[in-house]
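I have placed the structure first, in the form of structure tokens, so that the comments after it can refer back to it.
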Protein chains: 2
Amino acid sequence: MKILFVFAHPEPRSLNGALRDVAIEELKAQGHEVRISDLYADGWKSEVDRADFPSLAPDGRFIPVAASKKAFDTNTLTDDVKAEIEKLLWADTLILQFPLWWFAMPAILKGWVDRVFAYGFAYGVGEHSDQRWGDRYGEGTLAGKRAMLVVTAGGWEEHYAPRGINGPIDDLLFPINHGILYYPGYDVLPPFVAYRVDRFDEAGFEPVAERLRERMRTLATTPTIRYRPQNGGDYLVPSMQLRPELSEPDATGFALHLNGAGAAG
Amino acid sequence: MKILFVFAHPEPRSLNGALRDVAIEELKAQGHEVRISDLYADGWKSEVDRADFPSLAPDGRFIPVAASKKAFDTNTLTDDVKAEIEKLLWADTLILQFPLWWFAMPAILKGWVDRVFAYGFAYGVGEHSDQRWGDRYGEGTLAGKRAMLVVTAGGWEEHYAPRGINGPIDDLLFPINHGILYYPGYDVLPPFVAYRVDRFDEAGFEPVAERLRERMRTLATTPTIRYRPQNGGDYLVPSMQLRPELSEPDATGFALHLNGAGAAG
């Protein structure tokens with residue numbers, strides 16, 4: 001397989017750096033081709049701003065969505081963004097590795113998403129009408145590819161459990177797994193999460209490393225999270241509400257968007 | 001009241017800019033003191049990196065949590081971060097305004113959180129033991145203050161409804177409202193959200209502006225989201241699981257962390 005590994009930690013000599021090395025070594029041992037976007041090492045620019053759109057008139061009003069659409073259509077995105085898009089199109093599997101900071105991605109990785117996931121590439125794809133709401137959530141440019149998160153968290157696993165005070169980890173990661181990865185078409189694998197990483201020692205590292213190696217060995221075969229595709233009939237158009245008969249009447253929450261009892265994640 | 005208004009959009013002549021002006025005008029008309037952190041205009045640095053910790057040894061391993069703790073303890077955070085902390089301590093109400101990009105904050109605002117919410121200030125506060133898990137989720141440095149999000153979204157409101165395909169807006173914002181604002185002590189107001197903002201015209205603007213003015217007039221009196229305080233007896237220590245008797249046995253999801261039937265948000 002062809003794998004793009006996006007890494008977002010500022011210190012290569014960190015636990016994150018060590019886990020990245022473990023993952024990449026295992027991927028290469030399996031014969032995969034691996035390309036790496038090391039956002040800190042590459043000096044990735046985090047902010048969406050006018051500089052991202054050199055063809056924008058200097059005194060023009062900057063509307064990010066419109067600017068993104070025009071730049072993608074006219075091939076005038078900046079070179080760093082174009083290079084990432086090329087890698088995403090090349091890869092059949094995307095891995096994002098990051099520490100969970102304040103229950104979300106570090107800013108630099110959010111900035112990678114904000115800038116690379118252009119209009120016409122990752123959103124605004126396909127026909128939008130009252131009959132069909134575009135190619136998204138299971139369809140889109142990146143359909144047929146797989147994606148997976150590798151996450152470290154400082155807190156205890158219990159605190160991220162279904163009744164834990166932080167909220168369930170799968171719900172905390174839903175905006176990323178469903179909203180960022182499934183949206184442009186990826187099939188999303190259950191995340192790899194390591195907890196209490198601030199307390200790690202050598203003895204604690206090896207079992208986690210082995211668990212990560214196992215996930216790298218099973219990238220192609222691990223069942224993906226069974227999100228409901230937008231255009232598979234489960235949602236009303238154009239309100240995009242889940243059909244009433246597909247859940248208990250008072251059910252709510254992200255888990256509604258999982259397809260049936262066999263749902264992973 | 002004293003209000004810190006943090007604004008995270010790159011274009012002042014945007015709908016976000018117009019809504020910001022509406023909000024601030026109304027706040028001033030009500031006699032409040034307002035300070036503004038305009039992250040793009042201020043050239044805010046988004047990435048947590050070594051440059052944030054000038055006292056770190058040049059060849060030392062950079063561990064963000066440890067570096068943050070040491071810099072806060074020794075008053076060696078960078079001046080831009082210190083200035084924001086001073087504003088947060090000064091204000092009794094915090095407002096964060098941003099466009100929802102990929103179901104989360106823009107990178108520049110996430111970077112404001114990542115950098116300003118230092119260890120010892122916003123986390124790592126209070127006694128941590130098997131008996132007590134620090135001052136967080138309702139207690140902490142910023143307890144007694146109020147916070148509120150002002151958010152714009154490109155999508156339809158129905159798509160963010162309880163059964164909408166994007167997931168419910170309150171769940172999408174939970175990692176921010178609960179995980180970033182309630183965590184260091186803020187009482188969190190229900191968010192102001194404007195939808196379909198890419199289609200706005202003059203006629204569409206005024207009702208939204210008036211709804212925002214009303215929220216600004218009622219900052220002090222709007223009931224806050226009734227999250228459960230960590231140390232109020234609802235959670236087991238140290239697992240921080242919600243006590244079994246406090247919900248249906250199979251209940252899960254973020255709504256568990258709301259306190260009872262009167263819960264807003």
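The values are calculated or read from the model by the stated rules, or taken from the named source; none is laboratory data. Since this is a predicted model, take the numbers as computed values, not measurements. Cβ placement follows ideal geometry from the backbone for every residue including glycine, while neighbour counts extend to all protein chains displayed. Just so you know, the surface numbers come from the protein's heavy atoms only, side chains and all, with ligands and any DNA or RNA stripped out. Shrake-Rupley method; radii C 1.70, N 1.55, O 1.52, S 1.80 Å.
Table for the structure above
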read-out	value
Filter result for B:Glu158 (more than 8 Å from chain A (Cβ to nearest Cβ) and among the charged types (D, E, K, R))	no
Qualifying residue in the stretch B:227-245 (condition: free of Cβ contacts under 8 Å to residues at least 60 places away in the same chain, on the phi < 0 side of the Ramachandran plot, more than 14 Å from chain A (Cβ to nearest Cβ) and not in a loop (DSSP other than H, G, I, E, B))	no
Failed criterion for B:Gly134 (all others in (1) at positive phi; (2) modelled with pLDDT of 95 or more hold)	(2)
Restricting the stretch B:171-217 to residues that are out of contact with any strand residue (DSSP E or B) (no Cβ under 6 Å at 6 or more places or on another chain) and closer than 12 Å to B:Arg146 by Cα, the residue that is farthest from the other protein chains (Cβ to nearest Cβ)	B:Pro190
Complete set of residues in the stretch B:45-62 that are within 22 Å of A:Gly111 (Cβ to Cβ) and either more than 10 Å from chain A (Cβ to nearest Cβ) or open to solvent by 20 Å² or more (accessible area, probe 1.4 Å) (or both)	B:Lys45, B:Glu47, B:Asp49, B:Arg50, B:Ala51, B:Phe53
Among (1) open to solvent by 40 Å² or more (accessible area, probe 1.4 Å); (2) within 26 Å of A:Gly31 (Cβ to Cβ); (3) small (Gly, Ala, Ser), the one test that A:Gly232 misses	(2)
Any hit, the stretch A:8-17, residues being in contact (Cβ under 8 Å) with a residue 40 or more places away in the chain and part of a helix (DSSP H, G or I)	yes
Residue count for the stretch A:161-187, restricted to those that are out of contact with any helix residue (DSSP H, G or I) (no Cβ under 7 Å at 6 or more places or on another chain), within 17 Å of B:Asn166 (Cβ to Cβ) and open to solvent by 20 Å² or more (accessible area, probe 1.4 Å)	2
Residues satisfying the stated conditions in the stretch A:126-153, i.e. open to solvent by 40 Å² or more (accessible area, probe 1.4 Å) and touching a residue at least 40 places away in the same chain (Cβ under 8 Å)	A:Asp130, A:Gln131, A:Arg132, A:Asp135, A:Glu139, A:Thr141, A:Ala143, A:Gly144, A:Arg146
Residues of the stretch A:188-207 classified as part of a helix (DSSP H, G or I) and surrounded by fewer than 19 Cβ atoms within 10 Å (Cβ to Cβ), total	8
Count of residues meeting criterion [closer than 22 Å to A:Tyr183 by Cα and either open to solvent by 10 Å² or more (accessible area, probe 1.4 Å) or among the charged types (D, E, K, R) (or both)] in the stretch B:106-117	1
Subset of the stretch A:109-133 (residues that are within 11 Å of chain B (Cβ to nearest Cβ) and touching a strand residue (DSSP E or B) at 6+ places or on another chain (Cβ under 9 Å))	A:Leu109, A:Lys110, A:Trp112, A:Val113, A:Asp114, A:Phe117, A:Trp133
Failed item in (1) open to solvent by 30 Å² or more (accessible area, probe 1.4 Å); (2) within 24 Å of A:Gly155 (Cβ to Cβ), with B:Glu158 passing the rest	(2)
Counted residues, the stretch A:66-105 - those being surrounded by fewer than 16 Cβ atoms within 10 Å (Cβ to Cβ), hydrophobic (A, V, I, L, M, F, W, C) and under 24 Å from B:Ala41 (Cα atoms)	1
